[in-house]
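Heads up: the structure comes next, in structure tokens.
No lab work stands behind these numbers, since they all come straight from the coordinates. Please read these numbers as outputs of a predicted model, since none were measured by experiment.
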Amino acid sequence: MPEPRGKPARKPGPRSSPRKRPHHRDGAPHRRDPAQLGFNVRIVFEDDEVIVVDKPPGIVTALLPGEAGASADVPSVFGEVKRHARARKKGPARVWVVHRLDKEASGLLVFAKTERAFAWLKEDFRARRAHRLYLAVVENEFPENAASGTLQGFLAEDDRGLMRTVPGRTTIAGPRDFGPQLAVTHYRVLHQSRAKALVQVRLRTGRKNQIRVQMSEAGHPLVGDYRYRPRQERPGTAPSDPIKRLCLHATELGFAHPSRGETLRFRSPAPREFWTLVGAQPPAIEPASGAQSQDSDPWPEDNAEPASPSAAFPAAPSSISPGSISPAHASGPQDPALSTSWDHVARWYEELLDRGRSDHQRDVIVPGTLRLLQPRAGARILDVACGEGMLCRKLASLGVEAVGVDASPRLIDAARAASAAPPTPGAPRPRFEVGDARAIGALDLGTFDAAACIMALMNIDPVEPTLRGIAASLKPGGSFVAVILHPAFRAPGQTSWGWDESDDRRTSPPRHAPRPGPGFDRNHPTRPARAPDRLTRTPDRSTRNPPRSDARQYRRVDGYLSPGQSPIIMNPGHAAHGKAPITTWTFHRPLQFYFRALAEAGFVVNALEEWPSLRRSEPGPRANDEHRARRAIPLFLGLRAPRPATP
């Protein structure tokens, strides 16, 4: 007799025959193993925010709406993960695609289960903090001098949907740039024979088909790759495919957990055939897929700049010329056209200081640097890119043995002349040397208790050798202090002042609101009865619009995360009147770059300070708000980073 309507059916008892397992609409059955999904997709790790899976070859990561071939009936890892999430939640559930693997490849993938986790992970990958390591078997053996190296170039998609290297660009692609994008791949040969090589690959960028394209164009196509074959192959010939699959496997994946911040690392062993193809024995003991302890197997240094691989991935001849990459990322000799020495502006710089325009140095930078340095009498302190020696003279007046280094002979001559007489009786006289900040070790200056670099790191490129040289010159426990223009708010060419003159810019009335009267909107007593003005970036004393005393000054930021370089005209007033511009170069880098570079040089940041300008505006209708904005938005950023006393 059927059970009454609305009464739930009883669960089968222990002696009842089991129900037939349901099938997905694509025909793949549910697995009893909770870690196993359809199509042999295996769960490696899962919590409420992320899910890490091990993908087999032959199934796409995801086909999102609008992509060619996208259909609900096409099996995908994304579909399997989404069905799994819905089954666990007993209702609607969402999953976000963070990154992808080629259909023909295998290995580790992470998906987000919350929107917040998705945003976190996308930023982790975009900022190149995520760790990705691959194993691949490629055709042709490598010569001994190319057993490791870096492949880099700008990739673009052609009309057939294939990625190709195209002529380089002079700027780094922005987030809205859909043109050619920089692709950087580090590789290291693990074993080779039988006209094949097993290589370990680490990505610095994640472009479509990046490994396959760059390896093929370098003369080492992946075994089993039908899509990217060398152009010199005879038409009609088939690529080598001894194990009936593309020999590419994502073997390691690491990222920071979205909520805990804990570093997670996962490893998936490559197929044994990868090793046997090159006549090698697979590792005797290789951990199964799953989270690994960071302490038991230190990560490679993944945070090096694209063309500066770590010791595990030494540099090799690049596949593109150094001139096709922005100098902020080039590993080769610097372009003479972008010289960062201030020797050619030394005379102008001295005149600027003589005219008293060094108030930022005097009132903000030097006092703040001393606060971070905490110098003591008798200590030795190095001033890198010392200019005309203002900090060294101040340190000498405190009884410090100060040594200044600068690449400009003219500025060093000026520093020596200004320091000819000791600042105070009995104080040590500063020492000044001409030298490249990127080669401090070659100067043989000895060791120091502390070091400083004031307003110069953003003018030095590359900056990593400078930081390594400073670290090597410091005693254990010594501190390095750096002061730079605040990269978030004072990026040349990417930030600017503006005035918000709209009437509805404030959500609450001022403390003393005017009474309603003629010309005011009675529903909004503080709002004049006229259409809101547009946002304007006109100067304070514009002849086009009379200044409003209630306007709010703001700082506009058009870009921050993308590194790049900009020419700086040091005499804009004179250049505007027809005189020759005096130009230097500055290199914009986000904060994460500096922290990463400091950590790689062996420093630990223990203090960060943001300093505003102390200047005041001339009297005028907008002076008060100019003053407020100047104090609210920092101009400089100071960092203190000690070198640990013990490793």
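Below, the figures for the structure above:
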quantity: Placed amide H near residue 191: partners under 5 Å, 5+ positions off or other chain; calculated: 198
quantity: Phi-based couplings in Hz for the range 244-254 (Karplus 6.51, -1.76, 1.60; Gly and Pro marked x); calculated: 6, 6, 6, 8, 9, 9, 7, 8, 9, 9, x
quantity: Cα gyration tensor category, rounded, prolate or oblate, for the range 355-410 with a/c compared to 1.5; calculated: oblate
quantity: Isotropically averaged projected area of the range 419-478, using the convex hull of Cα atoms (one quarter of hull area), nm²; calculated: 5.3 nm²
quantity: Contour minus Cα-Cα distance for residue 93 and residue 631 (0.36 nm per residue); calculated: 189.0 nm
quantity: Residue-span extension gain [residue 579 to residue 475] - 0.36 nm each, minus C-alpha spacing; calculated: 32.7 nm
